[in-house]
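The values are calculated or read from the model by the stated rules, or taken from the named source; none is laboratory data. What you are looking at is a predicted structure, and each value in this text was computed from that prediction instead of being measured. Methodologically, a virtual Cβ is constructed for each residue, glycine included, from the backbone with ideal geometry; neighbour enumeration extends over all protein chains shown. Accessible surface is based on the protein model in full, side chains and every heavy atom, while ligands, DNA and RNA are left aside. Shrake-Rupley method; radii C 1.70, N 1.55, O 1.52, S 1.80 Å.
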Amino acid sequence: MNINIQGQNGLFGAGLPTLFGSGLKSTEQKMERMAKRDSEIAFFEAQKDNLKTMKCDSLEDIQRKLEMLHSYEDQIAAAKASYNNEQMFHVLDEAMEKGEKIAEEAEKTEPKTPEERKKELVEEALGTDEEKGVLTEVMEEMTDLAEEQIEEAADMEEELQEQTEEMQAQGEEMQAMEQKQLAAAERVMYKRFDIRI
């Protein structure tokens, strides 16, 4: 998501397109969080794959294996949820950081006298001829950006809800399977024994 503010030769005109490169601290932090999430998920996926080779000779072994599988799936879901929550805060951090950079650039391009500055600000804000003023353009872009971020947050929330429902469904299936296995084990362990004398 890049914002490009272009105006006439004045407050917002020169040097701003270079602001929105890849040198933002918040972007670096996002990449670090993504790498951390991916490494955690890869680790737990590898652990799940290791369970496939684990041999089970008793019901206790099977139960322990199922518990480990559930634990790994819960850890994967937790890593994804943690990243999604941090991502929401990242959007705010990134917007604040960009705003600070714009303010710094605006200070660098200030006119020499207060009268000139007022005159240029009025001209840029109102625009000339049929062009839109810079403030109108900035507000439209900020509105679009806010709408995109709201949609992204809604999509992330929807995805998280779907994952939660899937995990609940899987948990119910696993519980049903465990109950069937326990019932089968009880039938094998407790057979009726009649002796007549």
*Failed condition for residue 15, given (1) modelled with pLDDT of 55 or more; (2) in contact with an Asp or Glu (Cβ under 6 Å, 6 or more places away or on another chain); (3) not aliphatic (A, V, I, L, M)*: (1)
*Going through region 23-67 one residue at a time, which ones are over 15 Å from the mean Cα position of the chain (by Cα) and polar (S, T, N, Q)?*
39, 47, 50, 53, 58, 63
*asked:* Give me the residue from region 157-197 that is aliphatic (A, V, I, L, M) and in a loop (DSSP other than H, G, I, E, B) and, out of that set, modelled with the highest pLDDT.
replied: 195
_It is to be established whether one or more residues within region 76-98 are surrounded by 12 or more Cβ atoms within 10 Å (Cβ to Cβ), closer than 17 Å to residue 164 by Cβ, over 13 Å from the mean Cα position of the chain (by Cα) and not aromatic (Phe, Trp, Tyr)._
yes
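Looking at region 51-63 only, could you name the residues that are part of a helix (DSSP H, G or I), farther than 13 Å from residue 174 by Cα and open to solvent by 90 Å² or more (accessible area, probe 1.4 Å)?
Passing the criteria: 52, 53, 60.
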